């Protein structure tokens, strides 16, 4: 018979995800995988919830603590997101998944795994920053550039009516050409800005 527990143990030992098991009665870790030791730079004998909780971002501590309070046996709780500041001074975005299991002797064992979401979160932040910069540039184009061109168009339209009194046909053509070019330029800018706003994250698709 295949020993599935052994297979899962081997998987945890090689996984880049952080796996652990914690005895709630004895308040000690009964298992941490190599990824846990590498990430937090601690061994199983050194690991403690107090030491780890001290690394949690102050703004996330209350929310994380409440997530533990809300845990119920045999109900899997996933996607608990929080930040940690490790001894290297770097901030990490983590996602915690937990399950309390009752073992022999009525011992409650907290098992779980942590995923490092830092790169994903940083990429998302950079995309938001890029979108905001793009938004700013589009506003500049739509107001600071389209505005003066619109004024030129209006002035050219007024001049075109005034040139009815002018005999020089070439002047009339130039004025009409200025009006036409300005009008097309304003329309082009408006269509470009409209399309770019649609393509921004969160825009209408």
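Can you go through 165, 127 and tell me which one is closer than 30 Å to residue 17 by Cα, surrounded by fewer than 13 Cβ atoms within 10 Å (Cβ to Cβ), at pLDDT below 75 and not assigned by TED's automatic domain parsing to the domain that holds residue 33? Before the answer, list the steps.
Working: 165 fails: closer than 30 Å to residue 17 by Cα.
Answer to the selection: 127.
Is there a residue in the stretch 90-104 that is on the phi > 0 side of the Ramachandran plot, surrounded by fewer than 13 Cβ atoms within 10 Å (Cβ to Cβ) and assigned by TED's automatic domain parsing to the domain that holds residue 11?
Step one: list which residues in the stretch 90-104 are on the phi > 0 side of the Ramachandran plot, which gives none.
No - not one qualifying residue is present in the stretch 90-104.
Considering each of 46, 41, 72 in turn, give the residue that is assigned by TED's automatic domain parsing to the domain that holds residue 9, touching a residue at least 24 places away in the same chain (Cβ under 8 Å) and more than 29 Å from the chain's Cα centre (by Cα).
Of 46, 41, 72, the one residue that is assigned by TED's automatic domain parsing to the domain that holds residue 9, touching a residue at least 24 places away in the same chain (Cβ under 8 Å) and more than 29 Å from the chain's Cα centre (by Cα) is 72.
The values are calculated or read from the model by the stated rules, or taken from the named source; none is laboratory data. Predicted, not measured: the structure shown is a model, and the values here were computed from it. Here Cβ is always computed from backbone atoms with ideal geometry, including for glycine, and neighbour counts include all displayed protein chains.
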